[in-house]
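Structure first, then comments.
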Amino acid sequence: MRELNTDETRIAFRAESGGKTQSYICVNPYSSVAFPKNRFRRPLLNWYRENARNLPWRKTRNPYAILISEFMLQQTQVATVLSYYNRWLRRFPDFATLAHASEATVLHAWQGLGYYARARNLHATARIVVNRYGHFPRAIARIRELPGIGRYTANAIATFAFDQSVPIVEANTARVLTRLFNFQKPIDCTAGREALWKRAAVLVPKSSAGTYNSALIDLGALVCLPRQPKCEICPVKKFCRARNAETLPIKKARPPTRRLVETHALIVKQGKILLAQSVARWRGMWILPPLQTRSTTKRAVQMSIFPFTHHRITLAVYRHPAPPKIFSNQKWFEISALKNIAMPSPHRRATRHLLTAGRAARSRRQRS
Ligand code: SF4
């Protein structure tokens with residue numbers, strides 16, 4: 001038997017019978033159309049009532065608060081976001097406060113979460129909401145026009161803030177859905193991604209969609225784990241068609257990790273430190289001044305490694321004397337005021353370490 005074509009509802013195949021080759025079309029048993037949606041949702045929602053995670057953004061319908069949580073949760077673990085979310089809402093309680101803050105203040109508040117484009121997009125979104133709409137738009141097409149908001153984030157705000165009946169596909173729901181349907185296409189290519197969104201859409205209820213979507217996320221986070229899924233306690237086990245759950249979802253091979261070395265200078269003079277305002281990866285934030293070349297004669301006073309997308313970056317810091325003139329993007333800062341300046345975590349850690357080590361060495365010299 002040779003399979004010719006499979007789509008959402010049908011499978012076409014060719015088989016030999018009595019010396020003849022015949023073409024057949026049958027119903028796709030893995031189709032989401034044939035999926036018993038109502039019978040599937042009931043145990044899922046019952047399970048969620050008992051096991052839902054206690055997350056602060058689940059207790060609100062305020063689109064601003066939900067937007068903040070969704071931006072923070074992109075690329076960042078829930079445990080990390082929890083420590084930032086409430087602090088952020090205290091500092092910027094609504095769109096107007098965020099819109100009127102300076103970029104430096106916003107980047108400083110985001111410090112430690114990484115991927116600072118999210119903070120800049122959030123800031124730009126707040127300004128558009130305040131200046132163009134006066135309130136957060138409800139229409140998904142309008143939400144998707146806002147900076148940094150793609151299909152997932154738009155649908156998440158629509159379903160969690162406005163209870164719209166729309167699907168969401170993120171890491172947890174993608175894992176659950178691909179396993180439920182034994183979905184064998186890579187989910188990070190266009191065809192696979194679109195097919196998965198279609199399946200997700202078929203299952204969403206007309207009402208209480210926000211609760212259903214939260215339940216699916218929590219099932220992925222607590223039961224349908226990437227490794228060793230807890231199928232024995234899974235509330236939707238009898239609907240699951242996964243044959244080898246741990247192999248799903250299928251993804252394309254990742255690009256290999258690239259190693260980079262970035263060299264920067266530690267320049268300190270009379271209680272002040274020279275910093276440069278980044279125009280690249282950390283645009284708008286203050287970093288140790290970059291060096292064009294790696295010194296072959298001097299030893300770095302600090303080496304540390306941090307990840308960035310598919311890079312593994314070694315940050316090498318060299319002590320330098322104060323230059324006679326500084327560039328226009330450079331500025332001297334009081335060391336005692338550094339905590340008020342937006343600095344990316346790798347540079348802040350290196351600076352703090354070196355300044356603390358320098359103070360300790362000075363006090364040892366004074367004692368001896
Ligand atoms: S039965 Fe296992 S693989 Fe299937 S949805 Fe439940 S936890 Fe995931």
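A few points about this structure:
- Among residues other than PRO205 with Cβ under 14 Å from its Cβ, the summed charge is +4 (Lys and Arg +1, Asp and Glu -1).
- By the equivalent-ellipsoid construction on the alpha carbon gyration tensor, the range 202-272 comes out with semi-axes of 45, 21, 13 Å, ordered largest to smallest.
- Each Lys or Arg adds one and each Asp or Glu subtracts one; over the other residues with Cβ under 13 Å from the Cβ of TYR48, this totals +3.
- Of the DSSP H helices in the chain, those with a Cα length along their own long axis of 18 Å or more and a mean Kyte-Doolittle hydropathy reaching -0.5 comprise 78-91, 190-203, 209-222.
- Debye log10 I(q)/I(0) at q = 0.17, 0.18 Å⁻¹ for the range 197-323, Cα point scatterers: -0.94, -1.02
- Per DSSP, loop trypsin sites (Lys or Arg not before Pro) in the range 303-368 with at most 14 further Cβ within 10 Å: LYS325
- Pairs beyond 19 Å (Cα-Cα), from LYS269/LYS325; LYS206/LYS237; LYS298/LYS331; LYS185/LYS251; LYS230/LYS252; LYS206/LYS238: LYS206/LYS237; LYS298/LYS331; LYS230/LYS252; LYS206/LYS238
- Reference-scaled alpha-carbon Rg (2.2 N^0.38 Å with N residues) for the range 137-244: 1.09
- Bridge type composition, the chain - antiparallel percent by DSSP, nearest 5: 75
- Of the trypsin sites (Lys or Arg not before Pro) found in the range 38-84, those in coil by DSSP whose Cβ has at most 16 other Cβ atoms within 10 Å are ARG53, ARG61.
- Model label sites at LYS37 and ILE250, defined 7 Å from Cα along the beta-carbon direction, differ in position by 2.6 nm.
- Hydrodynamic radius by Kirkwood, which averages 1/r over all alpha carbon pairs of the range 258-367, in angstrom: 14.7
- The alpha carbon centroids of the range 150-172 and the range 80-144 are separated by 18 Å.
- Relative packing of 134-140, 209-215, 124-130, which averages over residues the other C-beta atoms within 10 Å, highest first: 209-215, 124-130, 134-140
- Computed across the range 81-170, the Kirkwood hydrodynamic radius from all distinct Cα-Cα pairs reaches 13.8 Å.
- Size descriptor for the chain, Kirkwood hydrodynamic radius: 24.3 Å (Cα pairs only, one decimal).
Bear in mind that the values in this text are calculations on the coordinates, not laboratory data. Just so you know, these numbers come straight off a predicted model, no measurement behind them. Cβ atoms come from the backbone with ideal geometry, glycine included; neighbour counts cover every protein chain shown.
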